[in-house]
Amino acid sequence: MKLAITGCQGRMGQRIAYLASKDKAFKLTALIESPDRTDVPASMFGVKVSRDINAIKGADVLIDFSLPGPSMEALKACLKYDVRAVIGTTGFSQEQRLLISKASRKIALVQSTNMSVGVNLVFRLLKQMAAVLKGYDVAITETHHVHKKDAPSGTAKTMAEVVEGVTGKKISDIVSHREGEVVGYHKVVFDGTVDAIEISHNAKDRDMFAAGALIAAKFLLKKDKGLFNMQQVLGLV
């Protein structure tokens with residue numbers, strides 16, 4: 001599979017590129033970074049690092065972990081060159097989410113606020129818990145590194161959406177913390193009159209997200225168009 005990666009010098013981009021370089025299923029063909037970033041090497045893993053999003057031309061799949069603005073530019077290029085995309089960027093506006101949905105009519109996309117296999121299992125468990133624990137109050141806490149720009153995290157928002165989709169009750173209690181270099185910690189508490197039940201996920205290493213993104217890329221190679229999430233990629237729905 002010819003693989004392109006945007007944000008290749010970011011925390012996620014570097015790990016995705018590294019894991020892909022060790023996987024015989026992939027051939028790195030394009031690595032793209034922002035023109036505004038100064039600490040960018042000339043090449044990584046034998047592939048030239050480009051400042052031009054058009055470098056994705058000829059790729060089978062693009063993996064995008066960047067920012068909402070650059071991610072939209074990458075999506076335009078994917079449409080132009082008929083490249084499938086795994087979108088791990090978070091913090092999209094409603095208008096940007098609609099553009100992603102519209103693009104999926106022409107190309108295959110996987111979009112998820114969290115690519116981790118473990119976190120997606122938690123999403124599935126939360127749906128089951130919400131269906132059984134009716135009447136319980138639900139609170140969500142998330143902690144990430146100080147460099148994370150969006151709050152609450154996309155994962156925390158998805159957790160809330162999963163529960164709200166079952167209960168029909170809005171979750172307003174999402175607490176965000178930004179501390180040190182924490183990769184990601186999420187806790188959901190179902191608080192009832194007779195007991196409280198907690199479910200949490202502690203991300204120890206970014207490789208779990210990178211590995212999930214590569215699983216999603218392999219999934220997309222068999223798709224021509226449509227918008228998919230990691231629940232579908234992993235067969236959890």
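Taken together, the values in this text are just the output of simple stated rules run on the coordinates, not laboratory data. All of these numbers come straight from a predicted model, not from anything done at the bench. With ideal geometry, Cβ positions are generated from the backbone for all residues, glycine too; neighbour counts draw on all protein chains shown.
Could you tell me which residue out of H186, L109, A131 lies farthest along the dipole of the chain toward its positive end? Charges go on the beta carbon: Lys and Arg +1, Asp and Glu -1, centred on the Cα centre.
Farthest towards the positive end: L109.
Explain nothing, just the number: dipole magnitude of the stretch 117-203 about its Cα centre with +1 on each Lys and Arg Cβ and -1 on each Asp and Glu Cβ, in debye rounded to the nearest 20.
With only Lys, Arg, Asp and Glu charged at Cβ, the dipole is about 280 debye.
Quick check: the angle from helix 207-220's long axis to the longest principal axis of the chain, C-alpha only, nearest 10 degrees?
70 degrees
Could you give the length gained by full extension between Y81 and K134, i.e. 0.36 nm per residue of separation minus their alpha carbon distance, to one decimal place?
Difference between extended and current length: 14.3 nm.
Kindly flag which residue pairs out of K2/K225; K76/K157; K2/K22 have an alpha-carbon separation exceeding 23 Å in this structure.
Violating the 23 Å Cα-Cα cut-off are K76/K157.
What do you get for the angle between helix 117-132 and the principal long axis of the chain? Use alpha-carbon atoms, 0 to 90 degrees, nearest ten.
Taking the Cα atoms of the chain, the angle to 117-132 is about 30 degrees.
Given R₀ = 25 Å, what would the calculated FRET efficiency be for K169 paired with K223, taking r from the Cβ atoms and rounding to 0.05?
About 0.15, to the nearest 0.05.
Restricting to the chain, compute how many DSSP beta bridges are antiparallel as a %, nearest 5.
40 percent
Relative to the present Cα-Cα distance, how much length would full extension add between A151 and I199 at 0.36 nm per residue of separation?
Extra length available between A151 and I199 comes to 15.3 nm.
Determine ³J(HN,Hα), in whole Hz, for all residues of the stretch 183-188 in sequence, where each value follows from phi through the Karplus function 6.51 cos²θ - 1.76 cosθ + 1.60 and θ = phi - 60°; x replaces Gly and Pro.
For the stretch 183-188, the Karplus curve yields 5, x, 9, 10, 9, 10 Hz.
In whole Hz, with x marking every Gly and Pro, tabulate ³J(HN,Hα) for the stretch 136-146 from phi via Karplus 6.51 cos²θ - 1.76 cosθ + 1.60, θ = phi - 60°.
Along the stretch 136-146, the couplings run 7, 7, 10, 10, 10, 10, 9, 10, 9, 5, 5 Hz.
With axes computed from alpha carbons, what is the tilt in degrees of helix 154-167 against the longest principal axis of the chain, rounded to the nearest 10 within 0 to 90?
40 degrees
Could you tell me which chymotrypsin sites (Phe, Trp or Tyr not before Pro) in the stretch 1-104 are loop residues by DSSP with no more than 14 other beta carbons within 10 angstrom of their beta carbon?
Values: sites: Y18, F26, F45, F65, Y81, F92; in loops: F26, F45, F65, F92.
When the chymotrypsin sites (Phe, Trp or Tyr not before Pro) of the stretch 1-104 are filtered for loop state and at most 14 Cβ neighbours within 10 Å, F45 remain.
Any idea how far the Cα center of the stretch 206-237 sits from the one of the stretch 2-61, in Å?
Comparing the Cα centres of the stretch 206-237 and the stretch 2-61, I get a distance of 19 Å.
Please state the charge dipole magnitude for the chain, taken about the Cα centre, from unit charges on C-beta atoms (+1 on K and R, -1 on D and E), reported in debye and rounded to the nearest 20.
1020 debye
Modelling each spin label as a point 7 Å along the Cα-to-Cβ direction, I'd like the D191/E161 distance in nm, to one decimal.
Computed distance between label sites D191 and E161 equals 2.6 nm.
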